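A.B. asks: Before I ask anything, let me first share the structure, which is written out below as structure tokens.
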Amino acid sequence: MKTQFTRLRGMADQLPATIAPWQLLEKAVRNAMSAYGYGEMRTPIIERTNLFKRSIGEATDIVEKEMYTFPDRHDELLTLRPENTAGCVRAAIENGLLQPGSVNRVWYTGPMFRYERPQLGRQRQFFQTGAEVYGLAGPAIEAELILLSARLWRELGIFDAVQLEINTLGDTDDRATYRELLVSYFKEHEHLLDEDSLRRLDRNPLRILDSKNPTMQEVIAGAPALRSSLSEASNEHFEQLKALLAASGIEAIENPRLVRGLDYYSHTVFEWTTDKLGSQSAVCAGGRYDGLLEQLGAKNMPGVGWAFGMERVIGLMDVLELTPAQSTPDIFVMCTNDVSPIHSLALAESVRQLMPTSSVLHNTGAGSLKSQFRKADKSGAAVAVIVGAAEMDDGTVTLKPLLDKAEQVTVTKEGLQSALQGFLGG
């Protein structure tokens, strides 16, 4: 059936036939977050535009090219959230969560919006899950967050297909020293820079290191390393993180060009990457953002977190053939035409009460037994519960297995629960 209304480009429908991996991922996320004591936070999908300009940085691709921004009826600029770290920090400040000495572990999941070219694992409306911690400054909490993500990958079965990459950006003073070295180097090679890099040279030169332009890779490879500008304290922070990860059995690769695309990061940054999805290698990314909370109005307080695109993780599960099949009902309830729908509907409800952990599908439409059995077979149910006039008279029902050649049986309503448990294996 055709319609004049179609979905917007880069915004996907998730139908019942494709929802199973989403539900599996959401369940795994809730299990992992609960195991580590993180509380769920839900924030609006629309925020004031200045929140993102202030936190993400005006010289980033997100702010310059990708945000969905519009004026409301009072000409206030609003934006569909392109990420949710800034929104979570805003919510924590506004709702009084960031008291001196407090520690908050939170997580979120929901839709984000960026206007970019849709491709595998990347949509204009995409779903993101993240974890954030406020109030802890040392490398131990960074290690905890990485271990939390590793637990999630193990539960989903994708741990062996991802690799952890880490780097350090140092503190504010370290980056100021490094910035001078970087600007000096790139100005010597200015004729090799592309348009985006020239624009970033004075505003945010570290972002040049994040360029994916193939023609830029040789000049980027020759840039001075940030590690040479780090203070002793920053180096010690990074060494402690590596030791904590090694002691926990997490292998990490140091990537000195890993800078992340947002302005609010400091010290540790990290990515989980894969070689199974072509050019879309990043699965999960995060790091420390100690300056962001103060920048958005809180007292100086440390923060660290990560986020992953759910489409990207589901894509990896699909490549690894870990995507679950569409869920099917366990029991299909039907009746002959000489039984009132009132009685068959009541029977379906009683079956649901007897089998509270089973999925029960009731054939609410009319039809011959033959057509109802076709529906039952198509549904994938394991057993059919059938009632006719004769069964109504003597208080019995008929059970017919649908997935094997076992014989059908007739049981009393008192014996229905036990019989169904036998057919369903428990």
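A.B. asks: Could you go through the stretch 295-312 and let me know if any residue there is in a helix (DSSP H, G or I), in the same structural domain as ALA140 (by TED's automatic domain parsing) and more than 21 Å from the chain's Cα centre (by Cα).
C.D. replies: Residues of the stretch 295-312 in a helix (DSSP H, G or I): 295, 310-312.
Checking the rest, the ones that are also in the same structural domain as ALA140 (by TED's automatic domain parsing) come to 295, 310-312.
Right, trim to more than 21 Å from the chain's Cα centre (by Cα) and you get 295.
Taking every residue of the stretch 295-312 in turn, at least one turns out to be in a helix (DSSP H, G or I), in the same structural domain as ALA140 (by TED's automatic domain parsing) and more than 21 Å from the chain's Cα centre (by Cα).
A.B. asks: Considering ASP318, ASP330, which residue is in contact with a helix residue (DSSP H, G or I) (Cβ under 9 Å, 6 or more places away or on another chain), within 20 Å of LYS400 (Cβ to Cβ) and of a type in the set (D, E, K, R)? Spell out how you get there, then give the answer.
C.D. replies: Details: ASP318 fails: within 20 Å of LYS400 (Cβ to Cβ).
Answer to the check: ASP330.
A.B. asks: Could you please give the count of residues in the stretch 360-390 that are surrounded by 16 or more Cβ atoms within 10 Å (Cβ to Cβ) and among the hydroxyl-bearing types (Ser, Thr, Tyr)?
C.D. replies: Selection size over the stretch 360-390: 1.
A.B. asks: Need the failing condition index for GLU188 against (1) within 31 Å of the chain's Cα centre (by Cα); (2) farther than 22 Å from GLY291 by Cα, just the number.
C.D. replies: Condition (1) is where GLU188 drops out.
A.B. asks: If you don't mind, another one. It is to be established whether one or more residues within the stretch 94-104 are in contact (Cβ under 8 Å) with a residue 60 or more places away in the chain and in contact with a Lys or Arg (Cβ under 9 Å, 6 or more places away or on another chain).
C.D. replies: Yes, the stretch 94-104 contains a residue that is in contact (Cβ under 8 Å) with a residue 60 or more places away in the chain and in contact with a Lys or Arg (Cβ under 9 Å, 6 or more places away or on another chain).
A.B. asks: Checking GLN417 against (1) touching a helix residue (DSSP H, G or I) at 6+ places or on another chain (Cβ under 6 Å); (2) under 12 Å from ASP330 (Cβ atoms); (3) of a type in the set (S, T, N, Q), only one condition comes out false. Which one?
C.D. replies: So GLN417 meets the others, but not (2).
A.B. asks: Need pairs with beta-carbon distance below 9 Å; first residue in the same structural domain as LYS65 (by TED's automatic domain parsing) and of a type in the set (Gly, Ala, Ser) and within the stretch 118-143, second modelled with pLDDT under 90 and in a helix (DSSP H, G or I); sequence gap 6+ or separate chains.
C.D. replies: ALA137/ASP290
A.B. asks: Might you let me know whether the stretch 24-36 holds any residue that is modelled with pLDDT under 95, in the same structural domain as ARG124 (by TED's automatic domain parsing) and either hydroxyl-bearing (Ser, Thr, Tyr) or surrounded by fewer than 18 Cβ atoms within 10 Å (Cβ to Cβ) (or both)? Can you show your working first?
C.D. replies: The initial filter retains those residues of the stretch 24-36 that are modelled with pLDDT under 95, namely none.
No: the stretch 24-36 contains no residue that is modelled with pLDDT under 95, in the same structural domain as ARG124 (by TED's automatic domain parsing) and either hydroxyl-bearing (Ser, Thr, Tyr) or surrounded by fewer than 18 Cβ atoms within 10 Å (Cβ to Cβ) (or both).
A.B. asks: Would you point out the residue of the stretch 243-275, among those that are over 15 Å from ARG288 (Cα atoms) and among the charged types (D, E, K, R), that is surrounded by the most Cβ atoms within 10 Å (Cβ to Cβ)? Talk me through it step by step, then tell me what you get.
C.D. replies: Filtering the stretch 243-275 for residues over 15 Å from ARG288 (Cα atoms) gives 243-257, 272-275.
From the residues that got through so far, the ones that are among the charged types (D, E, K, R) too are 251, 254, 257, 275.
Details: GLU251: 8, GLU254: 12, ARG257: 15, ASP275: 9.
Result: ARG257.
A.B. asks: Failed condition for VAL269, given (1) modelled with pLDDT under 90; (2) within 24 Å of ASN300 (Cβ to Cβ), with all others met?
C.D. replies: With (1) modelled with pLDDT under 90; (2) within 24 Å of ASN300 (Cβ to Cβ) applied to VAL269, the lone miss is (1).
A.B. asks: What about GLN326, is it under 24 Å from LEU420 (Cα atoms), within 32 Å of the chain's Cα centre (by Cα) and not assigned by TED's automatic domain parsing to the domain that holds GLN99?
C.D. replies: Values: under 24 Å from LEU420 (Cα atoms): yes; within 32 Å of the chain's Cα centre (by Cα): yes; not assigned by TED's automatic domain parsing to the domain that holds GLN99: yes.
So GLN326 fits the description; yes.
A.B. asks: Select from the stretch 223-242 the residues that are touching a residue at least 60 places away in the same chain (Cβ under 8 Å) and among the hydrophobic types (A, V, I, L, M, F, W, C) and list them in ascending order.
C.D. replies: Across the stretch 223-242, the qualifying residues are LEU230, ALA233, PHE238, LEU241.
A.B. asks: Quick test of your reading of the structure: ASP338 fulfils all but one of (1) surrounded by 18 or more Cβ atoms within 10 Å (Cβ to Cβ); (2) touching a helix residue (DSSP H, G or I) at 6+ places or on another chain (Cβ under 7 Å); (3) of a type in the set (Asp, Glu). Name the failing condition by number.
C.D. replies: (1)
The values are calculated or read from the model by the stated rules, or taken from the named source; none is laboratory data. Here the structure is a predicted model, which means the values were calculated and not measured. Reconstructed Cβ throughout: ideal geometry from the backbone, glycine too, with neighbour counts over all protein chains shown.
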